[in-house]
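The values are calculated or read from the model by the stated rules, or taken from the named source; none is laboratory data. This one's a predicted model, so the numbers in the text were calculated from it and none came from an experiment. A quick note on method: Cβ atoms are made from the backbone with ideal geometry, for glycine too, and the neighbour counts reach across all protein chains shown. Ligands, DNA and RNA are stripped out before the accessible areas are found, and what is left, the full protein with its side chains, is counted by its heavy atoms. Shrake-Rupley method; radii C 1.70, N 1.55, O 1.52, S 1.80 Å.
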Amino acid sequence: MSTARGKTDQVLVEDKSSVRIFTLNRPKQLNALSAAMVSRLLELFLACSNDSSVKLIILKGKGRAFCAGGDVTAVVRDINQGNWKSGADYFKEEYMMNYVMAAYTKPQVSILNGIVMGGGAGASIHGRFRIATENSIFAMPETALGLFPDIGASYFLSRLPGFFGEYVGLTGARLDGAEMLACGLATHFVPSDVAADEDVSVFRHRHSIMGGIFAKRLPMLEEALVKADSSDPDVISSIIADFSHVPNLKNDSAYLRLKTINKCFSRKTVEEIIVALEREADDEWISFVIQSLKKASPTSLKISLRSIREGRLQGIGKCLVREFRMVCHVLRGEISKDFVEGCRAILIDKDKNPKWVPSKIESVSVEMVDHYFSKIDEYDDLKLPVSSNLPAYAIAKL
């Protein structure tokens, strides 16, 4: 298979009137973003930006995942071969894609019907509309891999209610579709199936949808969006709302623990967060949270907390530029090689027993953390495009 053909096959494109539907197409790899996929998505978004006939983009994944993250195993292979800059090039293009999506002038509807992790969040959360379903599973698991929540996560995690973003980013906790909607990661919740007590004809009549009977809401929603032939966010939101509802949170949802999360994760340091958690009444959830933190890379925890805290005061562009500096230091491995070790233990050998260096949180000094936020002399900073033709909601992000 040629590189060009592979690049095309990994992102399927459908032209439906004024709507472009892009489908991530690596189902066996849970649609993990390869370098070819990132390049292709960026190419497609830029092309549609300049095409006046395109009014709306729908992004979805094939199979049981929207996108399980970036293809970091390929990055680790390059590092092990002495070529960290190849990985830096991958992240540079991915972050450029994230920025383009955040600043996009046309509505993006991401259908998150399945796993949404890491780079998958970067390809969707920055867009205007994010649709969760009962199949959605969201997580930012980077601290367990020796990395940190990147792809602009320091921007969107820091803007979740209270200190929920610190909780999600540091622990790698998994959220379901109802929790995604409740905390704002999703803008709508659409069940993938039409319930037994619902009348399909209601949707069909309201949106003049044709065709045979099917019991799937998502194809009906796509058809309604195509039929609307509109780029008006209010029109699009209204259409999605017709298919949506607000689900109940499960009794054991972490979002119902927001008061405790705010109390503990608002602390200044990782050490203080853990101490605060240990002072809470011990139960299964508290134990799980503490263990999640103690299993993660100490270095990752410290740089992740600082990154999210800095993100609270920065726009998406500054967050991505800073995160790019950070990821270059991670790839170079001068302070810690935890990224290579984490990927080995979790994704490659899968023994789930990473040997972190430094191994203790208190061994990661302020000076070590500062190093990750410094400019790299031998590699250029991320250069983001400047555009004055941005909608108000995008300008607010920048």
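Residues that are open to solvent by 10 Å² or more (accessible area, probe 1.4 Å) and in contact (Cβ under 8 Å) with a residue 40 or more places away in the chain: find the helices (runs of 4 or more DSSP H) completely inside segment 3-116 holding 2 or more of those.
Ranges flagged: 35-49, 72-80, 84-102.
Could you please let me know if G127 is buried (at least 24 other Cβ atoms within 10 Å of the Cβ), in contact with a helix residue (DSSP H, G or I) (Cβ under 7 Å, 6 or more places away or on another chain) and either modelled with pLDDT of 95 or more or among the hydrophobic types (A, V, I, L, M, F, W, C) (or both)?
Considered against the rule, which asks whether it is buried (at least 24 other Cβ atoms within 10 Å of the Cβ), in contact with a helix residue (DSSP H, G or I) (Cβ under 7 Å, 6 or more places away or on another chain) and either modelled with pLDDT of 95 or more or among the hydrophobic types (A, V, I, L, M, F, W, C) (or both), G127 comes out as no.
Kindly provide the set of residues from segment 51-107 that are more than 16 Å from the chain's Cα centre (by Cα), farther than 30 Å from S17 by Cα and among the β-branched types (V, I, T), ordered by number.
Within segment 51-107, T73, V75, V76, I79 meet the criteria.
Here is a yes/no grid of residues against (1) modelled with pLDDT of 95 or more; (2) among the β-branched types (V, I, T):
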| residue | (1), (2) |
| --- | --- |
| N50 | no, no |
| V54 | yes, yes |
| G61 | yes, no |
| A68 | yes, no |
| V72 | no, yes |
| Y95 | yes, no |
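What number of residues within segment 220-261 satisfy the criterion of being of a type in the set (S, T, N, Q), without any contact (Cβ under 8 Å) to a residue 60 or more places away in the chain and in a helix (DSSP H, G or I)?
2
Hey, any hits in segment 202-212 for a residue that's at pLDDT 95 or above, more than 23 Å from the chain's Cα centre (by Cα) and among the aromatic types (F, W, Y)?
No, because not a single residue in segment 202-212 is at pLDDT 95 or above, more than 23 Å from the chain's Cα centre (by Cα) and among the aromatic types (F, W, Y).
Looking at segment 160-180, which of its residues are assigned to a helix (DSSP H, G or I), under 14 Å from the mean Cα position of the chain (by Cα) and of a type outside the set (G, A, S)?
Result: V168, M180.
With basic (K, R) and within 23 Å of Y90 (Cα to Cα) as the only criterion, which of R312, R306, R325 stands out?
Matching residue, one of R312, R306, R325: R325.
Name the single residue, out of those in segment 156-166 being open to solvent by 10 Å² or more (accessible area, probe 1.4 Å) and among the aromatic types (F, W, Y), that is nearest to C328 (Cα to Cα).
For segment 156-166, the residue satisfying everything is F156.
Output the number of residues of segment 351-367 satisfying the condition of being more than 17 Å from R309 (Cβ to Cβ) and either assigned to a helix (DSSP H, G or I) or open to solvent by 60 Å² or more (accessible area, probe 1.4 Å) (or both).
Count: 10.
Name every residue in segment 130-155 that is touching a strand residue (DSSP E or B) at 6+ places or on another chain (Cβ under 6 Å) and either open to solvent by less than 10 Å² (accessible area, probe 1.4 Å) or of a type in the set (D, E, K, R) (or both), in order of residue number.
The answer is R130, I131, A132, S136, F138, A139.
Any residue in segment 305-319 that's without any contact (Cβ under 8 Å) to a residue 60 or more places away in the chain: show its pairings with residues that are of a type outside the set (S, T, Y) at Cβ separation under 9 Å, as long as the two are six or more apart or on different chains.
K318/E310; K318/G311; K318/L398
For the condition of a type in the set (S, T, Y) and in contact with a Lys or Arg (Cβ under 9 Å, 6 or more places away or on another chain), what is the one hit in T171, T105, T133, T73?
Of the residues listed, the single one that is of a type in the set (S, T, Y) and in contact with a Lys or Arg (Cβ under 9 Å, 6 or more places away or on another chain) is T133.
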